[in-house]
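A quick write-up on the structure given underneath.
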Amino acid sequence: MQMFLTILLWVLGILLALLLLLLFCPAVAEVRLNYDKLTVRVRILGIPFTVWPQKEKKPKKKKKEPKEKPEPKPKKEKQTPSKKFELTFSKVVSIASMAGRIMRRFLAALHIRGVKLVLPVSSGDAASTALFYGRFCAFFYGGLATLQNIIDIQAEDINIIPDFGGDNKYRRSFYCKIEATPFIMLGVALYAFKQLKEERIL
């Protein structure tokens, strides 16, 4: 009996250690786009597995079942009216503020590394493409600078190409690594749940 308890304690200890590793070891998601082909791989504890694209499963042949006579529909019972969630202006402001706090905590827990982007842009003829390229670059780099103030983003290589003849569209590609610690994400989820309970949404 004592031997059994000792083995059980060892097994529980190993499971607890693995759980702590899963919670505190960062999970990494690799996102890769080559023209229109998207690949998403996740690595946890050094073990990689593909999230997208998923392997197609062969459809199983269904056997024809004999037709059954339709059963008579049961009579609908009268339901007691439930209390509806009243949405007032102050409640909307409170929910929006709460959603902003949750989103800031969530984004702060993400770390985006090794961003590589090749993006051809075009707009009709060469003159309009040149104008669009200038406006797009100003908008893109301004937006990226704003995002870097909110999220930890490290861009390695960003190349925006004016595609005058439409020959560079197949060069479109994107790559990045998204790192997050499950323990921190769990804390954000618990914080969100607490806020929703306080606002009586859940």
Task: Unmet criterion (only one of (1) without any contact (Cβ under 8 Å) to a residue 60 or more places away in the chain; (2) within 16 Å of I102 (Cα to Cα)) for A155 - done: (2)
Open item on the list: Cβ-Cβ under 6 Å, sequence separation 6+ or interchain: first residue in region 182-194 and more than 14 Å from L21 (Cα to Cα), partner aromatic (F, W, Y). Which pairs?
Closed with: V188/F106
Open item on the list: Tell me the residue from F139, F132, F164 that is assigned to a loop (DSSP other than H, G, I, E, B), under 24 Å from N34 (Cα atoms) and open to solvent by 70 Å² or more (accessible area, probe 1.4 Å), please.
Closed with: F164
TODO: Filter region 90-110 down to the residues that are open to solvent by less than 60 Å² (accessible area, probe 1.4 Å) and under 30 Å from R32 (Cβ atoms), then identify the one that is farthest from the chain's Cα centre (by Cα).
DONE: I102
- [ ] For L22, work out the one condition from (1) under 30 Å from A155 (Cβ atoms); (2) surrounded by 10 or more Cβ atoms within 10 Å (Cβ to Cβ); (3) modelled with pLDDT of 80 or more it doesn't fulfil.
- [x] (3)
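The values are calculated or read from the model by the stated rules, or taken from the named source; none is laboratory data. Values in this document were obtained by computation on a predicted structure and should not be read as measured data. For neighbour counting, all protein chains shown are included, and Cβ atoms are generated from backbone atoms with ideal geometry for every residue, glycine included. When the accessible area is computed, the model is the full protein with side chains, heavy atoms only, and any ligands, DNA or RNA have been set aside. Shrake-Rupley method; radii C 1.70, N 1.55, O 1.52, S 1.80 Å.
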